[in-house]
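Everything below concerns the one structure shown next.
The values are calculated or read from the model by the stated rules, or taken from the named source; none is laboratory data. Nothing here was measured: the structure is a model prediction, and the numbers come from that model. Note that we place each Cβ from the backbone using ideal geometry, even for glycine, and neighbour counts take in every protein chain shown.
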Amino acid sequence: MTDSNQNAAKSKAQNPLAARLSTLATNQSAVLVGVLVLLTIVFSILEPKFLSVATANNILTDWGSVVLIAVGQTFVVISGGIDLSVGAIIGLSGVVAAWTMSELLGADQSIKGTDSYGILAVGAIVSVAVGLLVGLVNAFLINKFKIVPFIATLATMGACLGFSVILSSGMPIGSANDFNLISAMEPKTNPFSWAVIVVSVVVAVVGLFLHKSRFGLYTFAIGSNTFAARGAGINVERHITKVYALSGALAGLAGIYVYVRLGAGSPSSGNGRELDAIAAVVIGGASLMGGVGRIMGTVLGALILFTVQSGLIMIGVAPDWKKVVVAVLIAAAVAAQTLQNKNGRK
């Protein structure tokens with residue numbers, strides 16, 4: 001052991017508090033929680049109404065749709081890819097689900113209460129299926145035609161946007177959504193709606209799938225070194241297909257979530273959400289080079305993203321600045337990763 005290492009070990013042994021603080025400072029999740037707490041304190045000082053159940057509910061409701069596509073994006077980014085189609089999938093899946101419920105099932109606003117459950121369940125299945133199909137198309141373009149993920153998913157993004165406009169004639173499609181039922185299930189004394197709770201359960205299950213299963217291990221292996229993954233016997237093309245299918249399915253689930261929230265399927269409901277998803281993933285500590293990422297980081301990254309957006313709006317910043325804020329956060333997160341990597345190599 002060198003003298004410097006011995007001195008560092010002695011220093012930690014003599015000062016356990018400093019050692020704990022040092023460990024926390026290098027823990028990504030702990031840092032993100034600290035940032036989230038700091039943002040809450042700052043915005044609460046600037047606008048006391050920020051610290052309220054209504055504001056928290058609003059943040060979590062926005063978080064619900066984005067965290068689903070961000071979690072799918074986490075798998076894709078860890079595998080070394082990118083999925084730009086997730087925002088467009090939200091719009092297309094919501095429109096197809098709404099069209100199915102209204103045109104094929106004959107649902108309208110006269111359907112109330114528990115009578116809408118079965119129809120909404122069918123809509124959810126259709127929405128997820130649409131997302132899954134687009135994810136498979138993405139994988140086919142990447143694996144069979146060797147198109148880089150950025151271009152492949154950019155192409156499907158444009159196709160999804162076009163199909164959703166064609167199917168809906170550019171107008172939202174309303175269906176069996178029962179506004180009274182949904183509003184009655186919204187919380188009055190806590191920020192967690194039933195929809196947010198369902199999303200949280202889905203995210204938790206998918207997170208365990210990434211960090212505790214062979215599927216997750218293969219995802220990290222492919223993103224870290226594709227050549228070594230092939231040498232270890234992993235069928236890279238098959239696994240990439242599963243990753244993009246999962247991302248598409250989660251985007252489809254986000255589509256029905258947005259439908260339930262808005263009461264209609266709109267072709268523009270997912271516009272720009274792919275940028276929010278990428279921001280959440282990067283803020284959460286995932287590397288766009290692949291091989292690095294955690295679901296908890298993505299969850300906290302999405303919370304930070306919408307906390308900042310909601311806080312800025314409440315203190316008087318125009319909503320038009322939201323995308324600028326998202327772009328700045330992405331740039332800052334990537335810059336922080338770059339500096340951290342450089343310092344780690346020294």
Among the listed residues 97, 88, which satisfies the condition of being among the hydrophobic types (A, V, I, L, M, F, W, C) and in contact with a Cys (Cβ under 9 Å, 6 or more places away or on another chain)? 88
Based on this model, can you work out whether residue 102 counts as of a type in the set (Ser, Thr, Tyr), within 28 Å of residue 206 (Cα to Cα) and in contact (Cβ under 8 Å) with a residue 40 or more places away in the chain? no
Kindly evaluate residue 60 against the criterion of being at pLDDT 95 or above, touching a helix residue (DSSP H, G or I) at 6+ places or on another chain (Cβ under 8 Å), of a type outside the set (Phe, Trp, Tyr) and assigned to a helix (DSSP H, G or I). no
For residues in segment 138-157 being in a helix (DSSP H, G or I) and over 20 Å from the mean Cα position of the chain (by Cα), which is farthest from residue 73 (Cα to Cα)? 144
Could you tell me whether segment 117-130 includes any residue that is farther than 21 Å from residue 203 by Cβ, hydroxyl-bearing (Ser, Thr, Tyr) and buried (at least 19 other Cβ atoms within 10 Å of the Cβ)? no
Near pairs, Cβ below 6 angstrom, 6+ apart or cross-chain, from segment 208-229 (aliphatic (A, V, I, L, M)) to any residue that is not in a helix (DSSP H, G or I): 222/79
Check off (1) of a type in the set (Val, Ile, Thr); (2) surrounded by 20 or more Cβ atoms within 10 Å (Cβ to Cβ); (3) touching a Ser or Thr at 6+ places or on another chain (Cβ under 9 Å) for residue 66 and give me the number that stays unchecked. (3)
Verdict on residue 198 being surrounded by fewer than 18 Cβ atoms within 10 Å (Cβ to Cβ), modelled with pLDDT of 95 or more and in a helix (DSSP H, G or I): no
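Given the structure, is residue 116 more than 20 Å from residue 72 (Cα to Cα), part of a loop (DSSP other than H, G, I, E, B) and at pLDDT below 95?
So residue 116 does not fit the description; no.
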